[in-house]
Amino acid sequence: MPTLVSHPDEVKIVSRRFGQGAADIEKYIELDGYKAVQLAISQGAEMSNWIINTMKASGLRGRGGAGFPTGMKWSFVPKVSEKPKYVLVNGDESEPGTCKDHVIFLHDPHSVIEGTMIAGLAIGSKLGFIYLRGEYRYLLKQVEKAVADAYAKGFLGKNIFGSGIDFDIITQTGAGAYEVGEESALMESLEGKRGVPRIKPPFPAVVGLYGGPTVINNAETIANAPHILLMGGEAYAKLGTERNGGTRLFGISGHVERPGVYELPMGYSLRKAIYEVAGGIKDGKKLKAVVPGGSSCPVLTADEIDVGLDFDQMGKAGTMLGSGGIVVLDETVSIVEFAMRVISFYQHESCGWCIPCREGTDWIKKTLTRVYNGGGSKKDVDNVQYLAENMMGRTFCPLGDAAAMPTLGFVKKFRKEFEDYIEGHKAGTPLITVEQLVGAGH
Amino acid sequence: MSTVTNTIFSPELAARFDHLVTIYPVKRSALVPMLLYAQDEIGYVSDAAVSEIAVRIGINDLEVRNVLSYYSMLRTKPAGKYNVQVCTNISCMLRGGYGILDHCKKTLGIGHKETTADGTFSLEEVECIGACCWAPAMQVNYDFHDGLTPEKVDVVLQQYRDGQGKDVK
Amino acid sequence: MADVTLIVDGKQITAPAGTLLIEACKSAGIEIPAFCYYPGLSLQAACRMCVVRIEKQPKLATACTTTIAEGMVVQTETPEIAQARKATLQLLLGNHPLDCPVCDAGGECELQDMTFKYGAAESFYAEPKNHREEQKWSPVVYFDRPRCILCYRCVRMCGEGMDVFALGIQNRGSSAVIAPNVPAQLSPDDLAHVDCEQCGMCIDACPVGALTSGTYRYKTRPWEMNHVATVCTHCGDGCKTTLGVRSTSDGSEIVRGDNRDKSGINNDFLCNKGRYAFDFANHEDRITQPLVRQANGELKPVSWEIALDHVGKKLRELRDTRGGKSIGVIGGNRLTNEEAYLLQKFARTVLHTNNIDHHRTADYVAFAQSLAGHGERTASLHDTLKAPAVLIVGGDPTVQSPATAWNLRTNVRLNRAKLYIANAAEIKLRRQAKAFLQLAPFGYNALAAYLAGDEAAALSATSDTAALSSFRDAVKAEENLLILIGSELRGAELKKLIDFGLTIPGAKFALLSDYVNSRGAADMGLLPDMLPGYTPVGATSPMATEYAGPNALGLDMLEMFDSADRGNLSALYVVGANPVARYSIDPATLKNTFVVVQEMFLTETAALADVVLPAANLYEKAGSVTNSYGDLQQVSKAGDRAGVRTDFEMIVRVADKIGANMQSLVPFGKGLRADMGQTRGVQSGEADRHAVWLTANNMEPRLSPFDSFAILDEIQRLVPGYNILRLQLLSGNDQHLSPAATPLVQISNRRDLVVPANDTLFTSGTLGRYSTMLCDLQQNEILRASNLTQIQTAAD
């Protein structure tokens, strides 16, 4: 069972019920549960506008990684639609370094349900889906139970909270595919197909699940909605920085003393997150690099961590806030090995639909594996950079970029380490032995 | 009573499938869960399971295979009763994930995607399972085990050997 | 739709709103490369070759998924774009085998062409390529996995285009692979196979050599063949097929059939027969020498001179002694129009008999008579692709006329055409139908009666009379309805259906038949009661005047054999037909008849002949054919075989040996053109009319009696409805012709002689038996079916 951590700098909004047994519906209700949805319903005819305006005012941006303003996303859904509209919760958390939704589903599943209802009320949908990655079976059980409890209480189903509105929720499991975290691929998967992304436009807000207008949000984004309605959009926005409202969950992992999922205000210092919140580098070692928002984000070197954790500041620093999964590397890590492991993952997870991603990840992986095994030449570093540069922006969906960006970060920022490695000066302590290069990502 | 005569699944699962195809706006949405639940019961997705699921959804076998082969958790060959899945992705790797994998290999005497002779365990190196902050981690079937050390792994595996491990389905 | 103007590469172009950028550019002559894009199939945007730069867009955009917009500014060839395409090619070539020198697609490969253009020759990779063994998915479809670039064209072609869904995509990432629907573990030979219609469209769509044809693979190189576009001999759709021909020691051999430039009446489509079933031409049983039956009863090879002398002498003697009425003539459904016309003219004017018939696979006489005066109501094959609504009564186009079925599916898919089907069988096209009416067995006549207003016929038409009534109402509410009629409807019932259809505004009709020139055979008058153009025998007509043939109706097919049985048929002249097998004639019937057969093989009919003249097939001759719809197309000579002659040439030579006036049979030479035929006698006057017509039409006379164009000229001059546009014909295009029959009251009094061919996708009459590939496919089908039974039995 994942251990809960805590730090005085945390501002607990979405995590405020963690560790209090809120998976139990009675406890959830006791902790202000299902109040937000009732507050929304009490707005009467203005309900939809009120929700969307509150969400816009909160400055909440998508917690899945792309950081799209949630209120705006909801406002894109046409008010009138011939086809049914849907709310889709993306709990296909798969970005390496990311385990925040894991904790939400475990400690506060009802917040996701309530958030889904709020999104449904906002866009005029009668059916929501909560999609969890297949590996999260025990969490799916938890969510299924929470949904059943909500139905038993009459919170879901016909005429919710006397509003005259019906709302249903279906829970769904994936079966192992990172690509399904991409919103249109998730819709394909939910429609019982291969998890391959769709051509955009049309965007999901217009043509989404089953061809109907669809709002699709990350689980954490959705779980924030009830809190925002209760505390007010402005109050939430104020917790963060300009255009980056509120707080978010950061999963700090790797070589830190106190790894864990912490809720910090947007814009919080990355340095402080590592050295204070997470207790600094494990075993008193020195920091070498940080992958700041899940494995697809370009790496930051030890002297690049004086940056605030929000979408804009991270962008300026040449990387991304991503999914909030901060992976810390100490001085013993070989970047060659690490880069190889990262690309191996994307090679394994590429859906294969488009040529640049399918072939590009494969060749980068093959080349870096050979370099790692001692068979590289300096030309290989150029080749890897060339391959990654030619994948950037050219693939069907963002997975190609997710593979190319970190690769470019590694070979550009640590080029000398690659060249030294090729010449036989291997920095770092190997974590993977050659015999081990046969498994999942290999 | 199952809607499919001569179902290959248990009455409970057949009944569950009967229900599952009715809850979505489109029958086919039940496909991925059905494949996974079929695997949970049979141990893998057999050809017979493919055919029955195709009938239940109303698509052809080929389409089922197209989908089946896409998802990494689905398999078409049997695995051990307990499938040990060790994460070696970055967060786990940094905290000794490969050491855990190695330890499992030695202890169980099997490699990646292999099964012990008695069929109790199979081993798999897997990509990130979403337990990064509690690394290194592994799943045995659907049950998570985190903060692992070789010693802890031994304890966990022994629990399963003794039939006392959790078996989430 | 309104037009949209945009700027591409500095050039202003205009296209209808809603057009895809890649298509708008193509129309303007700007080629944007693409592997995955295929017009009419769903969009993929997977290959990323069609990337272009659109002003104000942050990334390169795919032209195949971008809809044009007013004022859009596009660049299609900049260094940035060239680099993107080059990089994509480099990635593909990393694993794509460079076996181009032996690959079937070499020289016709889109990957090769793109590599040539963008110069992605350099390789970065030290790793070996992934090698996999090729797989034989069927006798005609082979898969070479390493060559596959995963463009998914084959998958979509098979699913969306063919409605077969035999191909899928399995695994993911760099392990993704195209997979057939019979996986290895479920196959008795532990190899993966396709269970499908074997059309080969997947091969056609493949931009590289990943899918190759069983008939062609490793045979030759594209540049070592001559490519001759002609018309497929197998069904009534008359698809254009391009035959690849290679010289051999005894002629030129056809080594490949394909839809090379997709410029024909069939557009993108070609079925398995058009693609593979040309191989009868190379069959070892082919007759290449004339055979004459000897006193000992054996057929013995003789010289052409001896054989023709013998035939000419015998026919003249029998005509002169026993009269033309004692001679029968049977023509074929795979002859050219010119041959069919010449054959009936030869029968009527040289042999002096109207005993002429052919194997009828649809009642075109009743069709023409029912539509007399409504020429604009006959449909072209093109209409199947455009009509907003289509009613199909009878037939099974998927099997009998695959191009028709392809067009209908495409029309439904792309234009949302409404398909109404009434059939006694659950034909496959019902899957595209808006309404499918299950008729009772033999319920077609009752349906026609019901539609014509006889409410009492409802119960004989179908058990579901409610469905019948709503079906009729729905059909009646349509406009511009295309009505396709199967061979089940004949005579008076056919007329009833057409009369019903004529009440629907803008309705058009087509009657589906079974072979390439079944329609032409009827149009050209291979009938005992009709001269060409459905001109009744005995009626006054320019043709009758010129022919001066017998006025009495001739014997039809069955009457001829009855007559033979009674010993009254002195001679039977069969050209490209196998009536003995088709009508199950007792060989003894013909024991007292002098039988001449022009054939490729010793068929059941040829085996009974006194003289067998080795014939060329449709792929070895030039001329024209008319498909089921009345679309005329040119046939070109592709193959050649030493020792055989065309039916046209043989008829001319036999007529010559009989002593006929050659100029009046085949109008060649100058004739007497100056005096407008006013001062000449009967004989010269006939020649003159032709000469006058030639002059009036600005045409030169033909110089040889073996020039089939001489007959084409006469067809154009004399046959009602055959107003041929020469340029259209000669440029290889099709043109629609309408019959212009005189209405006859007593349609129902004609004897019903229609015998459907009942061919499957893998048979083609007698000819099909000599196609090794069709036989292999039949065998394949039988094996597959038996395996399926076994598997099902095991599962029970």
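The values are calculated or read from the model by the stated rules, or taken from the named source; none is laboratory data. In this text, all values refer to a predicted model and were calculated from it rather than measured experimentally. Every residue, glycine among them, receives a Cβ derived from its backbone with ideal geometry; neighbour counts consider all protein chains shown. Each accessible area value is taken on the protein alone, full model and side chains, heavy atoms only, with ligands, DNA and RNA left out. Shrake-Rupley method; radii C 1.70, N 1.55, O 1.52, S 1.80 Å.
Structure summary
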{"item": "Theoretical gain in end-to-end length, C:ILE7 to C:ARG132 [0.36 nm per residue, Cα-Cα removed]", "result": "40.4 nm"}
{"item": "Computed Rg/Rh of the stretch A:247-330, alpha carbon atoms with Kirkwood Rh", "result": "0.91"}
{"item": "Overall dimensions of the stretch C:190-251 by Cα: Rg and Dmax, Å", "result": "14.4, 42"}
{"item": "Summed buried accessible area for B+A [probe radius 1.4 Å, Å², rounded to 100]", "result": "4800"}
{"item": "Cα coordinate range in the stretch A:25-239, projected on the principal axes (Å, largest first)", "result": "41, 36, 36"}
{"item": "Whole-Å distance, taken between Cα centres, linking the stretch A:182-244 and the stretch A:349-363", "result": "26"}
{"item": "B versus C: buried accessible surface, summed, Å² (probe 1.4 Å, to nearest 100)", "result": "900"}
{"item": "Helix-derived mean residue ellipticity, 222 nm - over chain B, DSSP H n ≥ 4, -39500 (n - 2.57), to 500", "result": "-13000 deg cm²/dmol"}
{"item": "Binned Cα-Cα distances of chain B, short to long, each 5 Å bin given as a whole percent", "result": "2, 9, 17, 18, 16, 13, 11, 9, 5, 1, 0"}
{"item": "The stretch B:13-113: GluC sites (Glu not before Pro) falling in loop per DSSP and having at most 10 other Cβ within 10 Å", "result": "none"}
{"item": "Lys/Arg +1, Asp/Glu -1 at C-beta; chain A dipole; positive extreme among A:MET391, A:PHE155, A:ASN218", "result": "A:MET391"}
{"item": "Portion, in percent, of the accessible area of the stretch C:295-336 that falls on carbon or sulfur, probe 1.4 Å", "result": "50"}
{"item": "Simple Cβ-charge dipole of chain C, Lys/Arg +1 and Asp/Glu -1, about Cα centre, in debye nearest 20", "result": "640"}
{"item": "Most to least accessible of A:GLU144, A:GLU220 (protein chains only, probe 1.4 Å)", "result": "A:GLU144, A:GLU220"}
{"item": "Listed residue (A:GLY65, A:HIS107, A:PRO202) projecting farthest to the positive dipole end of chain A, Cβ model", "result": "A:PRO202"}
{"item": "Where A:LYS35, A:LYS316 fall by accessible area, highest first, once all protein chains stay in place (1.4 Å)", "result": "A:LYS316, A:LYS35"}
{"item": "Hydrodynamic radius by Kirkwood, which averages 1/r over all alpha carbon pairs of the stretch A:45-146, in angstrom", "result": "14.6"}
{"item": "Per residue, the convex hull volume that the Cα atoms of the stretch B:11-68 enclose (Å³)", "result": "68"}
{"item": "Alpha carbon convex hull of the stretch A:335-436, projected area averaged over orientations, nm²", "result": "5.8"}
{"item": "Area hidden from solvent between A and C (accessible, protein heavy atoms only, 1.4 Å, total, Å²)", "result": "2900"}
{"item": "B:TYR70 long-range amide H proximity, modeled H, under 5 Å", "result": "C:ASN171"}
{"item": "Whole-Å distance, taken between Cα centres, linking the stretch C:281-296 and the stretch C:55-126", "result": "55"}
{"item": "Assigned charges on the beta-carbon of Lys, Arg, Asp, Glu; the protein assembly as shown dipole about Cα centre (debye)", "result": "1260"}
{"item": "Under Karplus coefficients 6.51, -1.76 and 1.60, residue-wise ³J(HN,Hα) of the stretch C:716-727 in Hz, glycine/proline x", "result": "5, 6, 10, 8, x, x, 8, 8, 7, 8, 4, 4"}
{"item": "Lys/Arg +1, Asp/Glu -1 at C-beta; chain C dipole; positive extreme among C:PRO207, C:VAL74, C:LEU727", "result": "C:VAL74"}
{"item": "Selected from A:TYR28, A:TYR268, A:TYR138 as most flexible by GNM, with chain A as the system and alpha-carbon contacts under 10 Å", "result": "A:TYR138"}
{"item": "Helix-only CD estimate at 222 nm, as mean residue ellipticity for chain A, using -39500 (n - 2.57) per DSSP H run (n ≥ 4)", "result": "-12000 deg cm²/dmol"}
{"item": "Cα-based equivalent ellipsoid of the stretch C:558-632: semi-axis lengths in Å, sorted from largest, via gyration tensor", "result": "26, 15, 10"}
{"item": "For the stretch B:109-131, residues shielded by at least 20 square angstrom of accessible area compared with the chain on its own, probe 1.4 Å", "result": "B:HIS112, B:GLU125, B:GLU127, B:CYS128, B:ILE129, B:GLY130"}
{"item": "Virtual paramagnetic centre 7 Å along Cα→Cβ of C:ASP309, amide N under 17 Å, in the stretch C:588-614", "result": "C:611-612"}
{"item": "Computed FRET value (nearest 0.05) for C:ALA467 with C:ASN415, which takes r as the C-beta separation and R₀ as 25 Å", "result": "0.50"}
{"item": "Computed Kirkwood radius, in angstrom, where 1/r is averaged over Cα pairs of the protein assembly as shown", "result": "35.9"}
{"item": "Unit charges on C-beta of K, R, D, E only; dipole of the stretch B:17-169, Debye", "result": "160"}
{"item": "Violating pairs (Cα-Cα greater than 29 angstrom) within the set A:LYS83/C:LYS56; A:LYS126/B:LYS166; C:LYS26/C:LYS273; B:LYS77/B:LYS105; C:LYS313/C:LYS591", "result": "A:LYS83/C:LYS56; A:LYS126/B:LYS166; C:LYS26/C:LYS273"}
{"item": "Percent carbon-and-sulfur accessible area, chain A, ignoring ligands, DNA and RNA, probe 1.4 Å", "result": "54"}
{"item": "C-alpha center-to-center spacing [the stretch B:33-52, the stretch A:393-421] in angstrom", "result": "39"}
{"item": "Carbon and sulfur %, accessible surface of the stretch C:1-160 computed with the full protein complex present, 1.4 Å", "result": "56"}
{"item": "Reference-scaled alpha-carbon Rg (2.2 N^0.38 Å with N residues) for chain C", "result": "1.02"}
{"item": "Reduction of at least 20 Å² in accessible surface, 1.4 Å probe, comparing all protein chains with the chain by itself, residues of the stretch A:71-118", "result": "A:PRO96, A:GLY97, A:CYS99, A:HIS102"}
{"item": "Förster-model FRET efficiency, 51 Å R0, C:LYS117 and C:LEU459, C-beta, rounded to 0.05", "result": "0.15"}
{"item": "In sequence order, calculated HN-Hα J values of the stretch C:567-574 (Karplus, 6.51, -1.76, 1.60; Hz; x Gly/Pro)", "result": "x, 9, 9, 6, 8, 10, 10, 10"}
{"item": "Sum of -39500 (n - 2.57) over DSSP H runs of 4+, divided by residues of chain C (222 nm, nearest 500)", "result": "-8500 deg cm²/dmol"}
{"item": "Accessible area of the protein assembly as shown divided out per residue, in Å², using a probe of 1.4 angstrom", "result": "35"}
{"item": "Shielding score for A:381-389, defined as the mean number of other chain Cβ atoms within 10 Å", "result": "2"}
{"item": "Reduced Cα scattering model of the stretch C:222-358, Debye log10 I(q)/I(0), q = 0.11, 0.14, 0.21 Å⁻¹", "result": "-0.63, -0.90, -1.21"}
{"item": "Alpha-carbon radius of gyration plus Dmax, which is the widest Cα pair, for chain A in Å", "result": "21.9, 73"}
{"item": "Built amide H within the under 5 Å cut-off of C:LEU419, gap 5+", "result": "C:VAL390, C:LYS434, C:ALA435"}
{"item": "For C:ALA179, distant residues with modelled amide H under 5 Å away", "result": "C:GLY168, C:ILE169, C:GLN170"}
{"item": "Per-residue ³J(HN,Hα) for the stretch A:133-148, Karplus 6.51 cos²θ - 1.76 cosθ + 1.60, θ = phi - 60°, Hz, x for Gly and Pro", "result": "4, x, 5, 8, 4, 5, 6, 4, 4, 4, 5, 4, 5, 4, 5, 4"}
{"item": "The stretch C:364-511 shape via C-alpha gyration tensor axes, a/c threshold 1.5", "result": "rounded"}
{"item": "Kirkwood Rh and Cα Rg combined as Rg/Rh, the stretch C:592-655", "result": "1.04"}
